[in-house]
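Presented below is the structure to which this report refers.
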Amino acid sequence: AQSVTQLGSHVSVSEGALVLLRCNYSSSVPPYLFWYVQYPNQGLQLLLKYTSAATLVKGINGFEAEFKKSETSFHLTKPSAHMSDAAEYFCAVSEMDSSYKLIFGSGTRLLVRP
Amino acid sequence: GAVVSQHPSRVICKSGTSVKIECRSLDFQATTMFWYRQFPKQSLMLMATSNEGSKATYEQGVEKDKFLINHASLTLSTLTVTSAHPEDSSFYICSASPSGLNYGYTFGSGTRLTVV
């Protein structure tokens, strides 16, 4: 079964600083990977996805992620943090069987300091 | 496009009663929908896969008689929590995709269930 590991349950950055949220996956074949953001008491919003096309994926709100097969990583970055980026971020990997289930990481809470 | 509506957003019910949560795909058809449960400050746990016109597939450890799923049409899946107890209090979220994995899944806004 697929799995994802998100290093760091909390990440704190200053406004304007680089955001780096880490995600590593376990898969014997290149999977489909996703990053979602969740604001309090809300559902999840898709930030970006990797589906075996370009390894550098650009998403909404200035976020991007790079798929690195050699490192089995799909880290999320944003050059300059904004206060509105404070939220919970989830990395997810798809099951590559017919179920296409998404398996989520444990999440990383991003705190943005003024 | 690809909007998923979930209702209600919040519900409080008495212990022993049943609660129904609806998940609708507003602008696409979804043969498959997924139901998740999320405890405070935790990740999403997949409960079941809802398949239009057939029985849902439940994840290991999820009681299918407690969490009844019905997917009677291509745009609607319902989750009924039967004989609810305080430990069923949680945030329930559904998701669906208009065209499979390449698109990515769209999530509903979630339902906060509190059982008193």
If the reach is capped at under 17 angstrom between alpha carbons, list the lysines near B:K14, excluding any in the same chain fewer than eight residues apart. B:K66
The answer for the net charge of residues other than A:S73 whose Cβ lies under 14 angstrom from its Cβ, with Lys and Arg +1 and Asp and Glu -1, is 0
Comparing A:G59, A:G43, A:G16 in a Gaussian network model of chain A (Cα, 10 Å), the one with the largest mean-square fluctuation is A:G43
On average over all directions, what projected area in square nanometres does region B:1-66 have, based on the convex hull of its Cα atoms? 5.9 nm²
Report, as a whole number in µm² per second, the diffusion coefficient that Stokes-Einstein gives for chain A at 10 °C and 1.306 mPa s using the Kirkwood radius over alpha carbon pairs. 113 µm²/s
Estimated inter-spin distance, A:E71 and A:E15, nm [label 7 Å along Cα→Cβ]: 3.0 nm
Any cysteines in the protein assembly as shown with zero other Cys Cβ atoms under 4.7 Å from their Cβ? List them, or say none. B:C13
Near A:K101, which aspartates and glutamates are there with a Cα under 17 Å away, not counting those fewer than 8 places off in the same chain? B:E52, B:E59
Would you mind giving the average projected area, over all directions, of the Cα convex hull of the protein assembly as shown in nm² with one decimal? 12.4 nm²
Could you list A:Y39, B:Y36 in order of exposure, starting from the residue whose Cβ has the fewest other Cβ atoms within 10 Å? A:Y39, B:Y36
Lysines whose Cα lies under 24 Å from that of A:K78, excluding same-chain neighbours fewer than 8 positions away: A:K49, A:K58, A:K68, A:K69, B:K41
Net charge (Lys, Arg +1; Asp, Glu -1) of residues whose beta-carbon lies under 10 Å from that of B:H71, B:H71 excluded, is 0
Rg followed by Dmax, in Å, when chain B is reduced to its Cα trace: 13.3, 41
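Bear in mind that the values in this text are calculations on the coordinates, not laboratory data. Computed from a predicted structure; not experimentally measured. Glycine also receives a Cβ, built like all others from the backbone with ideal geometry; neighbour counts cover every protein chain displayed.
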